[in-house]
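The structure appears below as structure tokens.
Since every read-out is calculated from the coordinates, none of them should be taken as a lab result. Everything quoted here is computed from the prediction, not taken from an experiment. Don't worry about glycine lacking a Cβ; one is built from the backbone with ideal geometry, like all the others, and counts go over all protein chains shown.
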């Protein structure tokens with residue numbers, strides 16, 4: 001299977017509207033969209049060794065710690081929920097960043113997660 | 001159980017020489033040592049909702065992404081191995097950060113992990 | 001006195017609506033609110049060795065330099081003013097960050113401070 | 001020529017409304033405005049060794065990588081276009097940051113650049 | 001031409017010992033080495049729109065501004081020199097970061113560049 | 001008085017070997033040295049509104065929080081001690097950053113401060 005197809009298949013597991021999301025990325029830059037699909041999802045995120053649930057959860061933690069990617073943090077919180085990662089797991093991963101990256105990073109991350117929780121049905 | 005005792009008990013799961021580590025922290029600052037034990041381990045890391053293995057793995061990812069805490073990254077890579085998280089899982093978590101925080105962050109993280117792998121017996 | 005009570009007492013010195021602020025934090029996450037009160041205010045900020053005015057001013061400088069916590073920067077600028085730190089002192093602390101963290105960090109910090117200055121009565 | 005005059009002259013090459021921009025900076029802080037003009041433009045950016053086009057392009061790349069200065073990134077994307085740097089060159093500089101600072105930094109930078117492209121006439 | 005071959009060809013322009021560098025990356029992680037070659041050099045850095053000289057110079061600026069990748073900054077300073085970018089251009093790009101990311105970032109970057117200048121013959 | 005002379009005079013208050021420090025900066029880059037003296041010390045740090053003690057303490061806090069400038073953090077810890085800022089005040093400023101920038105930042109800062117404390121006579 002090509003990286004492109006593998007990436008799209010993986011994206012379909014966390015994104016109800018794959019075509020829309022790829023189209024929005026392609027409007028930004030067609031090759032950026034291609035890299036996200038082929039390299040990001042088709043290579044990095046589809047590697048064996050960690051489950052996609054684990055991968056999305058560490059991404060949520062890392063983006064919360066970095067504090068420079070609020071839009072992407074919301075995307076990955078949503079991905080977690082769609083994969084069956086519970087709200088509690090998401091919340092705990094972000095809250096833990098208070099210890100490693102400071103309380104502003106954790107509180108801002110919790111606030112962004114809460115916005116996503118209000119939009120997506122998921123168990124606690 | 002007090003936060004202090006809970007923190008020490010948790011620390012004992014990932015650190016073969018708890019007394020030594022707490023003593024080194026206390027030399028830096030006695031209250032810093034107390035906060036790490038009571039707040040970090042006794043509160044944050046001992047929360048329910050995620051396993052300690054999950055917590056250590058997201059910490060590794062976040063510290064690799066931040067790129068400002070090489071000593072701590074090594075400590076948490078060692079903690080992962082002692083908890084039975086495999087070398088592959090640690091490596092995958094760090095490598096994934098290439099996509100979210102750039103290749104320098106991921107390569108520097110892999111290099112630090114490799115130093116730890118050389119010191120601690122663990123399955124791949 | 002418990003850390004919780006000490007934290008609330010300290011918070012009352014910089015926040016006219018302690019209950020409201022704690023309630024908003026608790027809506028985000030009850031334990032995050034507890035940690036901010038007990039650990040942040042009850043432990044860290046109530047330590048001897050620096051006055052609360054000094055502590056709030058170094059927080060303003062650090063948050064301006066980091067550039068990832070605009071909401072918290074505003075909270076701590078307001079805290080400074082309520083403690084009798086002058087607008088000039090706040091402004092100087094932020095402006096100084098131009099030398100250490102670059103002009104974008106300083107200019108964005110000054111812009112956030114100006115928003116707070118428009119809302120809170122304080123001497124220059 | 002004074003640093004002040006040299007700075008204003010340089011600013012005039014990238015900013016159609018120099019007076020307005022300096023006035024807005026001066027409202028924030030008169031000395032911040034003076035430092036931007038005298039030190040930033042009058043010293044740093046007017047140094048020999050790199051063209052102003054080169055200087056604006058590396059600034060765009062660096063601000064995209066840092067991810068903490070969206071307003072300034074837009075200002076410097078606009079400066080590039082006004083100096084005859086093409087949209088493609090700007091876009092390539094930002095997209096390249098995906099490799100060094102991660103995809104969120106690059107995608108957020110491309111999104112901000114696109115907002116500027118919609119406002120300023122420039123060749124691709 | 002495959003991304004892999006294109007990446008190796010590009011790497012050969014800035015690295016006298018391509019095999020050695022790829023081998024060292026592969027020791028860290030075989031797939032990390034492959035991604036650097038195929039994605040980093042074979043896709044990102046071999047894109048049209050900017051010269052390789054321009055691409056290396058913006059990388060130097062961005063890594064200096066970020067301040068978290070000293071080893072990589074040295075690699076890209078060396079790459080600049082091997083491509084005929086002058087020491088002055090490298091120095092100016094780093095020095096400019098004082099304005100955007102603060103003096104510590106610029107001074108640390110200049111110090112790393114100086115180490116490289118001592119090892120590689122290049123015109124000023 | 002020129003910015004240059006004002007900068008040198010201020011530097012003399014925190015640096016026993018002004019000539020040596022300026023010479024080391026000038027070896028890195030003559031104009032970087034001039035900017036540090038004229039802009040950093042002659043303009044920013046010699047502004048009224050905060051004492052030099054206050055200015056050095058907020059710099060220590062900000063550099064500890066940023067985590068990317070260990071050499072400069074040590075310089076400014078030393079500056080604090082030479083100005084009569086106590087070890088306790090320095091330590092408290094850094095320890096406080098645990099709350100705002102995370103424990104790794106605070107612990108690394110404390111470790112660097114301790115190195116300076118071992119070299120400079122100062123009251124606790």
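Could you check, for the range F:50-68, whether at least one of its residues is farther than 26 Å from residue F:110 by Cβ and more than 14 Å from the chain's Cα centre (by Cα)?
Start the filter on the range F:50-68 by keeping residues that are farther than 26 Å from residue F:110 by Cβ, which leaves none.
So far as the range F:50-68 goes, no, none of its residues is farther than 26 Å from residue F:110 by Cβ and more than 14 Å from the chain's Cα centre (by Cα).
Suppose we keep only residues that are in a helix (DSSP H, G or I) and without any contact (Cβ under 8 Å) to a residue 12 or more places away in the chain within the range D:38-57. Which one would you say is surrounded by the most Cβ atoms within 10 Å (Cβ to Cβ)? Write out each step before concluding.
Within the range D:38-57, the subset in a helix (DSSP H, G or I) is D:38-44, D:52-57.
From what's left, without any contact (Cβ under 8 Å) to a residue 12 or more places away in the chain: D:44, D:54-55.
Details: D:44: 23, D:54: 20, D:55: 25.
Out of the qualifying residues, it is D:55.
What do you reckon, is residue C:92 out of contact with any helix residue (DSSP H, G or I) (no Cβ under 6 Å at 6 or more places or on another chain), away from chain A (no Cβ under 14 Å) and crowded, with 18+ Cβ neighbours inside 10 Å? Let's see the steps before the verdict.
Details: out of contact with any helix residue (DSSP H, G or I) (no Cβ under 6 Å at 6 or more places or on another chain): yes; away from chain A (no Cβ under 14 Å): yes; crowded, with 18+ Cβ neighbours inside 10 Å: yes.
Judged against the criteria, residue C:92 is a match.
Considering the range A:58-74 alone, what residues qualify as being in contact (Cβ under 8 Å) with a residue 40 or more places away in the chain and within 14 Å of chain C (Cβ to nearest Cβ)?
A:63, A:64, A:65, A:67, A:70, A:73
Run residue D:83 past the list (1) surrounded by fewer than 23 Cβ atoms within 10 Å (Cβ to Cβ); (2) under 16 Å from residue E:97 (Cα atoms); (3) more than 10 Å from every other protein chain (Cβ to nearest Cβ) and report the number of the one that doesn't hold.
The failed condition is (2).
If we keep just the residues of the range F:95-124 that are under 19 Å from residue C:48 (Cβ atoms) and part of a loop (DSSP other than H, G, I, E, B), which is nearest to the other protein chains (Cβ to nearest Cβ)?
Selected residue: F:124.
Only one of (1) within 14 Å of chain C (Cβ to nearest Cβ); (2) within 26 Å of residue E:7 (Cβ to Cβ); (3) within 15 Å of the chain's Cα centre (by Cα) fails for residue D:40. Which number is that?
Just one mismatch for residue D:40, condition (2).
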